[in-house]
């Protein structure tokens with residue numbers, strides 16, 4: 001039984017071995033479109049892995065500042081929810097070291113993953 005990932009890899013191998021024909025603009029454009037689609041699939045798989053990792057962490061916060069920077073931090077204070085979860089507004093304080101801020105949400109998650117792997 002082949003998986004979706006196997007199918008994508010089969011398409012990728014065929015795409016890499018294909019040679020766009022300048023004499024056929026439609027074929028050449030389709031070839032470029034398939035390349036962009038494969039890149040998009042890779043991005044979605046990577047983003048899914050990032051979200052899965054972040055969802056598996058306890059006590060970490062994904063935060064953004066007003067300047068478009070992102071960080072993942074496990075330092076700070078927050079109340080522990082009762083068994084039923086939070087039922088009213090709570091205050092959470094997060095500490096972020098200056099070197100933890102990244103210009104992109106993906107970079108922030110990747111940096112936190114790497115940092116926690118090294119601990």
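The values are calculated or read from the model by the stated rules, or taken from the named source; none is laboratory data. Not measured: the values here are computed from a predicted model. All Cβ positions, even for glycine, are placed from backbone atoms using ideal geometry, and neighbour counts span all protein chains on display.
Restricting to the stretch 71-94, count the residues that are in a strand (DSSP E or B) and under 19 Å from residue 53 (Cβ atoms).
Counting residues in the stretch 71-94 that are in a strand (DSSP E or B) and under 19 Å from residue 53 (Cβ atoms) gives 5.
Would you mind stating whether residue 53 is touching a residue at least 40 places away in the same chain (Cβ under 8 Å) and either in the same structural domain as residue 109 (by TED's automatic domain parsing) or touching a helix residue (DSSP H, G or I) at 6+ places or on another chain (Cβ under 9 Å) (or both)? Break it down stepwise before answering.
Working: touching a residue at least 40 places away in the same chain (Cβ under 8 Å): yes; either in the same structural domain as residue 109 (by TED's automatic domain parsing) or touching a helix residue (DSSP H, G or I) at 6+ places or on another chain (Cβ under 9 Å) (or both): yes.
Yes: the conditions hold for residue 53.
Exactly one of (1) assigned to a loop (DSSP other than H, G, I, E, B); (2) without any contact (Cβ under 8 Å) to a residue 24 or more places away in the chain is unmet by residue 68. Its number?
Unmet for residue 68, out of (1) assigned to a loop (DSSP other than H, G, I, E, B); (2) without any contact (Cβ under 8 Å) to a residue 24 or more places away in the chain: (2).
Across the stretch 73-94, which residue is modelled with the lowest pLDDT among those that are touching a strand residue (DSSP E or B) at 6+ places or on another chain (Cβ under 9 Å) and loosely packed, with under 14 Cβ neighbours inside 10 Å? I'd like the intermediate steps shown before the answer.
Our first condition is that a residue be touching a strand residue (DSSP E or B) at 6+ places or on another chain (Cβ under 9 Å); within the stretch 73-94, this holds for 73-78, 91-94.
With loosely packed, with under 14 Cβ neighbours inside 10 Å added as a condition, the list becomes 75, 77-78, 91-93.
Details: 75: 88, 77: 85, 78: 80, 91: 85, 92: 85, 93: 90.
Applying the filter and picking the extreme gives 78.
Out of (1) loosely packed, with under 14 Cβ neighbours inside 10 Å; (2) under 29 Å from residue 107 (Cα atoms); (3) in the same structural domain as residue 114 (by TED's automatic domain parsing), what's the single condition that is false for residue 40?
Of everything listed in (1) loosely packed, with under 14 Cβ neighbours inside 10 Å; (2) under 29 Å from residue 107 (Cα atoms); (3) in the same structural domain as residue 114 (by TED's automatic domain parsing), residue 40 misses just condition (3).
Just to be sure I understand, how many residues within the stretch 14-26 are loosely packed, with under 10 Cβ neighbours inside 10 Å and within 15 Å of residue 39 (Cα to Cα)? Before you say what the answer is, go through the steps one by one.
Here is the first cut: in the stretch 14-26, the ones loosely packed, with under 10 Cβ neighbours inside 10 Å are 16-17, 19, 22-23, 26.
Filter once more, so that each one left must be within 15 Å of residue 39 (Cα to Cα): 16.
The number of residues fulfilling the criteria is 1.
For the stretch 55-72, give me each residue that is modelled with pLDDT of 95 or more and more than 17 Å from residue 92 (Cβ to Cβ).
69
Taking the stretch 95-119 only, how many residues are part of a helix (DSSP H, G or I) and surrounded by 13 or more Cβ atoms within 10 Å (Cβ to Cβ)?
Our first condition is that a residue be part of a helix (DSSP H, G or I); within the stretch 95-119, this holds for 98-100, 105-118.
Filter once more, keeping what is surrounded by 13 or more Cβ atoms within 10 Å (Cβ to Cβ): 100, 105-113, 116.
Adding up the residues that qualify gives 11.
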